[in-house]
1. Being basic (K, R) and surrounded by fewer than 15 Cβ atoms within 10 Å (Cβ to Cβ) is the filter here, so list the residues in the stretch 35-60 that pass it.
2. Say whether the condition of being modelled with pLDDT under 95 and under 21 Å from Q21 (Cα atoms) is met by at least one residue in the stretch 44-53.
3. Please indicate, with yes or no, whether at least one residue in the stretch 87-103 is surrounded by fewer than 18 Cβ atoms within 10 Å (Cβ to Cβ) and over 25 Å from Q4 (Cβ atoms).
4. Quick check: is even one residue across the stretch 111-125 of a type outside the set (S, T, N, Q) and on the phi > 0 side of the Ramachandran plot?
5. Go through the stretch 104-121 and report how many residues are surrounded by fewer than 18 Cβ atoms within 10 Å (Cβ to Cβ) and modelled with pLDDT of 95 or more.
6. Considering only residues that are in a helix (DSSP H, G or I), over 17 Å from L101 (Cβ atoms) and modelled with pLDDT under 90, which ones fall in the stretch 17-42?
7. Taking I24 as the residue in question, decide whether it is touching a Lys or Arg at 6+ places or on another chain (Cβ under 9 Å), touching a residue at least 40 places away in the same chain (Cβ under 8 Å) and of a type in the set (A, V, I, L, M, F, W, C).
8. Can you tell me which residue is surrounded by the fewest Cβ atoms within 10 Å (Cβ to Cβ) among those in the stretch 1-34 that are over 14 Å from S104 (Cβ atoms) and of a type in the set (V, I, T)?
Amino acid sequence: MSVQEILVINGPNLNLLGQRQPEIYGYDTLQTIEEKCVELARELNVSVRFGQSNHEGAIIDLIHEARLKSAAIIINAGAYTHTSAAIHDALKTFDGYIIELHISNPHAREEFRHKSWISPVADAVMAGAGAYGYELATRLAAEKIKAK
């Protein structure tokens, strides 16, 4: 069986996981989360590649690149979730499986976080499971890839 890639895209401020508002986002760093997902992906016979940017255009570039290399995208777009029609449009060009991911539950937070530009183009949404949500999303993406 061939190994297929899951691209995990992380948006603004997620490079500060473990330091920024740990009461909301926990103490795991993005590197720790990535290491756990890479190990899990090996067990599931898929590959995982992480990308992070604080810049909207760089996130769009990752999505465009995924069109040629990835079978699934897990995207935690951070605050761009609530503001970016451009990321929404880029995701619409991707033919694979898309999971929108949030560490916290945006619906239990400020009103502006209740609207997502990602949800209408996502196949699944995960929210509120903390850093463990990345592992859950990796499992789901791997399952969907194998089912194709």
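The values are calculated or read from the model by the stated rules, or taken from the named source; none is laboratory data. Since we're looking at a predicted model, the values are computed, not measured. Here the Cβ is made from the backbone with ideal geometry for all residues, glycine too, and neighbour counts use every protein chain on show.
1. Just the residues of the stretch 35-60 that are basic (K, R), to begin with: 36, 42, 49.
Within the stretch 35-60, R42 is the sole residue that qualifies.
2. no
3. For the stretch 87-103, residues surrounded by fewer than 18 Cβ atoms within 10 Å (Cβ to Cβ) and over 25 Å from Q4 (Cβ atoms): absent.
4. Step one: of the stretch 111-125, the residues of a type outside the set (S, T, N, Q) are 111-115, 117-118, 120-125.
Among the residues that remain, those that are also on the phi > 0 side of the Ramachandran plot are: none.
No, there is no match, as no residue in the stretch 111-125 is of a type outside the set (S, T, N, Q) and on the phi > 0 side of the Ramachandran plot.
5. The number of residues fulfilling the criteria is 2.
6. P22, E23, listed by residue number.
7. Working: touching a Lys or Arg at 6+ places or on another chain (Cβ under 9 Å): yes; touching a residue at least 40 places away in the same chain (Cβ under 8 Å): yes; of a type in the set (A, V, I, L, M, F, W, C): yes.
Against the criterion (touching a Lys or Arg at 6+ places or on another chain (Cβ under 9 Å), touching a residue at least 40 places away in the same chain (Cβ under 8 Å) and of a type in the set (A, V, I, L, M, F, W, C)), I24 qualifies.
8. Selected residue: V3.
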